[in-house]
(Lines give C-alpha, C1' and ligand atoms only; values in the text may rest on other atoms or scores of the structure.)
Protein backbone atom coordinates (compact mmCIF):
# COMPACT_ATOMS: atom_id res chain seq x y z
CA UNK A 1 0.00 0.00 0.00
CA UNK A 2 2.90 2.33 0.75
CA UNK A 3 4.37 1.79 -2.72
CA UNK A 4 1.00 2.46 -4.33
CA UNK A 5 0.73 5.68 -2.37
CA UNK A 6 4.19 6.79 -3.50
CA UNK A 7 3.39 6.04 -7.14
CA UNK A 8 0.10 7.91 -6.85
CA UNK A 9 1.86 10.93 -5.41
CA UNK A 10 4.44 10.84 -8.21
CA UNK A 11 1.72 10.72 -10.89
CA UNK A 12 -0.18 13.54 -9.21
CA UNK A 13 3.03 15.57 -9.11
CA UNK A 14 3.68 15.01 -12.81
CA UNK A 15 0.13 16.00 -13.69
CA UNK A 16 0.38 19.18 -11.61
CA UNK A 17 3.69 20.04 -13.29
CA UNK A 18 2.20 19.36 -16.70
CA UNK A 19 -0.80 21.60 -16.03
CA UNK A 20 1.49 24.36 -14.73
CA UNK A 21 3.60 24.13 -17.90
CA UNK A 22 0.52 24.32 -20.08
CA UNK A 23 -0.71 27.39 -18.25
CA UNK A 24 2.71 29.03 -18.50
CA UNK A 25 2.96 28.38 -22.23
CA UNK A 26 -0.47 29.96 -22.82
CA UNK A 27 0.61 33.08 -20.95
CA UNK A 28 3.91 33.35 -22.85
CA UNK A 29 2.21 32.76 -26.20
CA UNK A 30 -0.04 35.72 -25.46
CA UNK A 31 2.94 38.04 -26.06
CA UNK A 32 5.35 36.19 -28.32
CA UNK A 33 7.39 39.26 -29.20
CA UNK A 34 8.20 39.93 -25.57
CA UNK A 35 8.63 36.34 -24.34
CA UNK A 36 10.08 34.69 -27.46
CA UNK A 37 12.90 32.79 -25.81
CA UNK A 38 10.94 31.98 -22.65
CA UNK A 39 8.33 30.44 -24.92
CA UNK A 40 11.03 28.59 -26.86
CA UNK A 41 12.34 26.94 -23.67
CA UNK A 42 8.82 26.08 -22.49
CA UNK A 43 7.93 24.53 -25.85
CA UNK A 44 11.12 22.46 -25.74
CA UNK A 45 10.14 21.16 -22.30
CA UNK A 46 6.70 20.21 -23.60
CA UNK A 47 8.31 18.54 -26.61
CA UNK A 48 10.76 16.46 -24.59
CA UNK A 49 8.28 15.44 -21.89
CA UNK A 50 5.54 14.86 -24.50
CA UNK A 51 3.06 16.63 -22.23
CA UNK A 52 0.95 17.53 -25.22
CA UNK A 53 -0.26 13.92 -25.37
CA UNK A 54 -1.89 14.34 -21.98
CA UNK A 55 -3.44 17.56 -23.22
CA UNK A 56 -5.22 15.72 -26.03
CA UNK A 57 -2.91 16.53 -28.95
CA UNK A 58 -0.91 14.26 -31.23
CA UNK A 59 2.11 16.55 -31.58
CA UNK A 60 3.56 19.82 -30.36
CA UNK A 61 2.80 21.62 -33.67
CA UNK A 62 -0.85 20.52 -33.41
CA UNK A 63 -1.06 21.83 -29.85
CA UNK A 64 0.61 25.12 -30.76
CA UNK A 65 -1.62 25.71 -33.76
CA UNK A 66 -4.93 24.73 -32.21
CA UNK A 67 -4.62 26.00 -28.64
CA UNK A 68 -2.09 28.81 -28.96
CA UNK A 69 -2.87 30.10 -32.44
CA UNK A 70 0.83 29.72 -33.18
CA UNK A 71 1.95 28.49 -36.60
CA UNK A 72 3.11 24.88 -36.46
CA UNK A 73 6.41 25.70 -38.14
CA UNK A 74 7.13 28.47 -35.64
CA UNK A 75 6.63 26.19 -32.66
CA UNK A 76 9.11 23.75 -34.23
CA UNK A 77 11.90 26.21 -34.90
CA UNK A 78 11.50 27.94 -31.53
CA UNK A 79 11.90 24.66 -29.66
CA UNK A 80 14.77 23.78 -32.01
CA UNK A 81 16.58 27.02 -31.15
CA UNK A 82 16.32 26.29 -27.43
CA UNK A 83 17.52 22.70 -27.90
CA UNK A 84 20.55 23.45 -30.09
CA UNK A 85 21.67 26.29 -27.85
CA UNK A 86 21.39 24.03 -24.81
CA UNK A 87 23.22 21.16 -26.53
CA UNK A 88 26.03 23.51 -27.54
CA UNK A 89 26.30 24.88 -24.02
CA UNK A 90 25.55 28.44 -25.15
CA UNK A 91 23.97 30.60 -22.48
CA UNK A 92 20.83 32.56 -23.13
CA UNK A 93 22.58 35.87 -22.50
CA UNK A 94 24.98 35.02 -25.33
CA UNK A 95 22.49 33.86 -27.96
CA UNK A 96 19.48 36.08 -27.29
CA UNK A 97 21.08 39.21 -28.89
CA UNK A 98 21.51 37.28 -32.15
CA UNK A 99 17.78 37.38 -32.86
CA UNK A 100 15.33 34.71 -33.97
CA UNK A 101 15.90 35.05 -37.72
CA UNK A 102 19.64 34.36 -37.56
CA UNK A 103 19.27 31.73 -34.86
CA UNK A 104 16.70 29.90 -36.93
CA UNK A 105 19.28 29.61 -39.71
CA UNK A 106 22.16 28.66 -37.40
CA UNK A 107 20.18 26.03 -35.52
CA UNK A 108 19.36 24.22 -38.74
CA UNK A 109 22.88 22.82 -38.27
CA UNK A 110 23.18 19.54 -36.38
CA UNK A 111 25.47 19.80 -33.31
CA UNK A 112 26.26 16.07 -33.30
CA UNK A 113 27.94 16.22 -36.73
CA UNK A 114 31.32 17.47 -37.93
CA UNK A 115 32.52 19.71 -40.76
CA UNK A 116 35.45 18.67 -42.91
CA UNK A 117 37.87 21.57 -43.29
CA UNK A 118 39.51 20.97 -46.68
CA UNK A 119 42.24 23.54 -46.02
CA UNK A 120 43.23 22.06 -42.67
CA UNK A 121 42.37 18.53 -43.83
CA UNK A 122 40.54 17.65 -40.63
CA UNK A 123 37.04 17.25 -39.21
CA UNK A 124 35.87 20.03 -36.90
CA UNK A 125 33.04 19.40 -34.38
CA UNK A 126 29.95 21.30 -35.45
CA UNK A 127 29.38 22.37 -31.85
CA UNK A 128 32.53 24.52 -32.01
CA UNK A 129 31.51 26.09 -35.31
CA UNK A 130 27.98 26.83 -34.09
CA UNK A 131 29.38 28.48 -30.97
CA UNK A 132 31.75 30.63 -33.04
CA UNK A 133 28.99 31.62 -35.45
CA UNK A 134 26.62 32.61 -32.63
CA UNK A 135 29.35 34.82 -31.16
CA UNK A 136 29.95 36.54 -34.51
CA UNK A 137 26.32 36.67 -35.67
CA UNK A 138 25.33 40.00 -34.04
CA UNK A 139 27.91 41.74 -36.26
CA UNK A 140 26.92 39.85 -39.40
CA UNK A 141 24.04 40.43 -41.78
CA UNK A 142 21.33 37.82 -42.29
CA UNK A 143 22.66 36.98 -45.76
CA UNK A 144 26.18 36.47 -44.39
CA UNK A 145 24.87 34.13 -41.70
CA UNK A 146 22.88 32.15 -44.27
CA UNK A 147 25.99 31.85 -46.47
CA UNK A 148 28.08 30.59 -43.54
CA UNK A 149 25.42 28.03 -42.65
CA UNK A 150 25.14 26.87 -46.27
CA UNK A 151 28.92 26.42 -46.42
CA UNK A 152 28.95 24.34 -43.23
CA UNK A 153 26.21 22.17 -44.73
CA UNK A 154 28.18 21.72 -47.93
CA UNK A 155 25.41 23.48 -49.82
CA UNK A 156 27.40 26.15 -51.63
CA UNK A 157 28.80 26.27 -55.17
CA UNK A 158 27.02 23.74 -57.39
CA UNK A 159 25.17 22.45 -54.33
CA UNK A 160 23.76 25.86 -53.46
CA UNK A 161 20.01 26.00 -52.97
CA UNK A 162 17.89 28.05 -55.38
CA UNK A 163 14.35 29.28 -54.81
CA UNK A 164 11.75 29.41 -57.57
CA UNK A 165 8.12 30.40 -57.28
CA UNK A 166 5.21 29.44 -59.51
CA UNK A 167 1.57 30.43 -59.49
CA UNK A 168 -1.26 27.94 -59.93
CA UNK A 169 -4.97 28.04 -59.29
CA UNK A 170 -6.32 27.02 -55.91
CA UNK A 171 -8.15 24.11 -57.53
CA UNK A 172 -4.98 22.92 -59.26
CA UNK A 173 -2.98 23.06 -56.05
CA UNK A 174 -5.54 21.26 -53.88
CA UNK A 175 -6.75 18.66 -56.36
CA UNK A 176 -3.56 17.92 -58.29
CA UNK A 177 -0.30 19.17 -56.80
CA UNK A 178 -1.04 18.62 -53.12
CA UNK A 179 -2.47 15.15 -53.70
CA UNK A 180 0.52 14.22 -55.86
CA UNK A 181 2.98 15.45 -53.22
CA UNK A 182 1.21 13.41 -50.54
CA UNK A 183 1.51 10.25 -52.63
CA UNK A 184 5.21 10.85 -53.30
CA UNK A 185 5.91 11.47 -49.61
CA UNK A 186 4.04 8.27 -48.75
CA UNK A 187 6.28 6.35 -51.11
CA UNK A 188 9.48 8.05 -49.90
CA UNK A 189 8.68 7.42 -46.25
CA UNK A 190 10.33 9.33 -43.42
CA UNK A 191 13.29 11.65 -44.02
CA UNK A 192 14.67 10.70 -40.61
CA UNK A 193 13.96 12.17 -37.20
CA UNK A 194 14.67 15.55 -35.73
CA UNK A 195 16.44 16.20 -32.46
CA UNK A 196 13.26 15.58 -30.49
CA UNK A 197 12.54 12.23 -32.08
CA UNK A 198 9.74 13.43 -34.35
CA UNK A 199 9.62 12.03 -37.89
CA UNK A 200 10.55 14.53 -40.60
CA UNK A 201 8.83 14.73 -43.95
CA UNK A 202 10.66 15.33 -47.19
CA UNK A 203 10.51 18.95 -48.30
CA UNK A 204 8.57 20.17 -51.32
CA UNK A 205 11.90 20.63 -53.08
CA UNK A 206 12.84 16.99 -52.51
CA UNK A 207 9.44 15.86 -53.78
CA UNK A 208 9.80 17.97 -56.94
CA UNK A 209 13.27 16.56 -57.54
CA UNK A 210 11.88 13.03 -57.23
CA UNK A 211 9.08 13.76 -59.71
CA UNK A 212 11.45 15.40 -62.22
CA UNK A 213 14.00 12.58 -61.94
CA UNK A 214 11.30 9.95 -62.51
CA UNK A 215 9.99 11.83 -65.55
CA UNK A 216 13.47 12.11 -67.08
CA UNK A 217 14.16 8.43 -66.45
CA UNK A 218 11.15 7.35 -68.54
CA UNK A 219 12.14 7.07 -72.24
CA UNK A 220 8.48 7.47 -73.26
CA UNK A 221 8.70 11.14 -72.31
CA UNK A 222 11.24 11.90 -75.05
CA UNK A 223 9.94 12.56 -78.56
CA UNK A 224 11.92 11.14 -81.47
CA UNK A 225 13.45 13.70 -83.81
CA UNK A 226 11.57 14.08 -87.09
CA UNK A 227 13.30 12.46 -90.06
CA UNK A 228 13.55 15.24 -92.68
CA UNK A 229 15.78 13.34 -95.13
CA UNK A 230 12.90 12.73 -97.59
CA UNK A 231 11.63 16.28 -97.67
CA UNK A 232 12.26 18.31 -100.85
CA UNK A 233 14.74 21.13 -100.34
CA UNK A 234 14.35 24.18 -102.57
CA UNK A 235 17.65 25.64 -103.74
CA UNK A 236 17.43 29.38 -104.49
CA UNK A 237 18.45 30.36 -108.04
CA UNK A 238 21.32 32.79 -108.49
CA UNK A 239 20.46 36.30 -109.66
CA UNK A 240 22.46 35.79 -112.88
CA UNK A 241 20.13 32.96 -113.89
CA UNK A 242 16.99 34.75 -112.87
CA UNK A 243 15.94 35.19 -116.46
CA UNK A 244 16.55 31.54 -117.34
CA UNK A 245 14.51 29.89 -114.68
CA UNK A 246 13.51 26.32 -115.37
CA UNK A 247 10.45 24.54 -114.29
CA UNK A 248 11.09 22.31 -111.28
CA UNK A 249 11.75 18.72 -112.24
CA UNK A 250 9.50 16.15 -110.61
CA UNK A 251 11.55 13.01 -110.17
CA UNK A 252 9.33 9.98 -110.16
CA UNK A 253 9.66 7.15 -107.68
CA UNK A 254 10.95 4.81 -110.45
CA UNK A 255 13.79 7.17 -111.27
CA UNK A 256 14.62 7.55 -107.59
CA UNK A 257 14.87 3.78 -107.32
CA UNK A 258 17.27 3.69 -110.25
CA UNK A 259 19.55 6.13 -108.50
CA UNK A 260 19.44 4.03 -105.39
CA UNK A 261 20.55 0.80 -107.19
CA UNK A 262 24.33 0.39 -106.94
CA UNK A 263 26.10 0.00 -110.28
CA UNK A 264 28.19 -3.04 -111.09
CA UNK A 265 31.91 -2.39 -111.55
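The values are calculated or read from the model by the stated rules, or taken from the named source; none is laboratory data. All values reported here derive from a predicted model rather than from experimental measurement. Please note: Cβ atoms are built from the backbone with ideal geometry, for glycine as well, and neighbour counts cover all protein chains shown.
Per this entry, residue 139 is counted among residues that are loosely packed, with under 13 Cβ neighbours inside 10 Å, at pLDDT 95 or above and out of contact with any helix residue (DSSP H, G or I) (no Cβ under 9 Å at 6 or more places or on another chain).
In the range 125-172, how many are without any contact (Cβ under 8 Å) to a residue 24 or more places away in the chain, under 20 Å from residue 104 (Cβ atoms), more than 15 Å from the chain's Cα centre (by Cα) and outside any loop (DSSP other than H, G, I, E, B)? Number satisfying all stated conditions: 9. Pairing each residue of the range 54-71 that is within 16 Å of residue 19 (Cβ to Cβ) with any residue that is assigned to a loop (DSSP other than H, G, I, E, B), provided the two are 6+ apart or on different chains, yields C-beta distances under 6 Å for 63/57.
Residue 105 passes every criterion in (1) closer than 29 Å to residue 151 by Cβ; (2) surrounded by 14 or more Cβ atoms within 10 Å (Cβ to Cβ); (3) not assigned by TED's automatic domain parsing to the domain that holds residue 123 apart from (3). Taking the criterion of being touching a helix residue (DSSP H, G or I) at 6+ places or on another chain (Cβ under 8 Å), more than 30 Å from residue 100 (Cβ to Cβ) and surrounded by 11 or more Cβ atoms within 10 Å (Cβ to Cβ), the residues of the range 145-195 that qualify are 180, 184, 188.
Taken as a whole, the structure leaves residue 237 outside the set of residues that are at pLDDT 65 or above and either in the same structural domain as residue 58 (by TED's automatic domain parsing) or surrounded by 10 or more Cβ atoms within 10 Å (Cβ to Cβ) (or both). Looking at the range 49-84, which of its residues are closer than 17 Å to residue 28 by Cβ and over 22 Å from the mean Cα position of the chain (by Cα)? If the condition is that a residue be closer than 17 Å to residue 28 by Cβ and over 22 Å from the mean Cα position of the chain (by Cα), then 49, 51, 52, 55, 63, 66, 67, 68, 69 are the ones that fit. For the range 108-117, state whether one or more residues are without any contact (Cβ under 8 Å) to a residue 60 or more places away in the chain, within 17 Å of residue 40 (Cα to Cα) and surrounded by 14 or more Cβ atoms within 10 Å (Cβ to Cβ). Within the range 108-117 (the criterion being without any contact (Cβ under 8 Å) to a residue 60 or more places away in the chain, within 17 Å of residue 40 (Cα to Cα) and surrounded by 14 or more Cβ atoms within 10 Å (Cβ to Cβ)), the answer is yes, since at least one residue qualifies. Among the residues making up the range 196-215, those that are surrounded by fewer than 14 Cβ atoms within 10 Å (Cβ to Cβ), part of a helix (DSSP H, G or I) and either out of contact with any helix residue (DSSP H, G or I) (no Cβ under 8 Å at 6 or more places or on another chain) or modelled with pLDDT under 85 (or both) are 205, 209, 212, 213, 214. Residues that are under 29 Å from residue 132 (Cβ atoms) and surrounded by fewer than 17 Cβ atoms within 10 Å (Cβ to Cβ) do not occur anywhere in the range 57-69.
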